[in-house]
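*Asks:* Quick one: the structure is below, and I'll ask about it shortly.
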Amino acid sequence: MKYYEDLLLLGCFSRSDVEKLTHNAKTAGSLIGSYLAKGYIERVRQDLYAVISLETMLMYGKEASNRKQEIDRQHYTIPNQRPKDKHCGKI
């Protein structure tokens, strides 16, 4: 979270922007990977990232989690709807 506020001010940034903040290429790569995994930023294109507001994450995080659980439950409770073969079991 050390660089989060600086990135939030940028809004949209590239790897080179993060390298300027950290003064180290390896640290920049590590920071980007870590922030991607935690959901603080999202990849827009190959070398273009956008910062996700923490207020948005807190507001919609629970709704998204509940919706995913609901979809997962529906997926596992819907019976197999294959049409029955008329000739199955008959010789």
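The values are calculated or read from the model by the stated rules, or taken from the named source; none is laboratory data. If you're wondering where the values come from, they're calculated on a predicted model, not measured in any experiment. FYI the Cβ positions are ideal-geometry reconstructions off the backbone, even for glycines, and counts take in every protein chain you see.
*Asks:* Out of everything in the stretch 1-12 that is under 12 Å from Ile52 (Cα atoms) and either touching a residue at least 40 places away in the same chain (Cβ under 8 Å) or touching a helix residue (DSSP H, G or I) at 6+ places or on another chain (Cβ under 7 Å) (or both), what residue ends up being surrounded by the most Cβ atoms within 10 Å (Cβ to Cβ)?
*Replies:* So, considering only residues that are under 12 Å from Ile52 (Cα atoms) and either touching a residue at least 40 places away in the same chain (Cβ under 8 Å) or touching a helix residue (DSSP H, G or I) at 6+ places or on another chain (Cβ under 7 Å) (or both), the one surrounded by the most Cβ atoms within 10 Å (Cβ to Cβ) is Leu7.
*Asks:* Here are Tyr60, Tyr4: which of them is at pLDDT below 60 and hydroxyl-bearing (Ser, Thr, Tyr)?
*Replies:* Going through Tyr60, Tyr4 in turn, the sole match is Tyr60.
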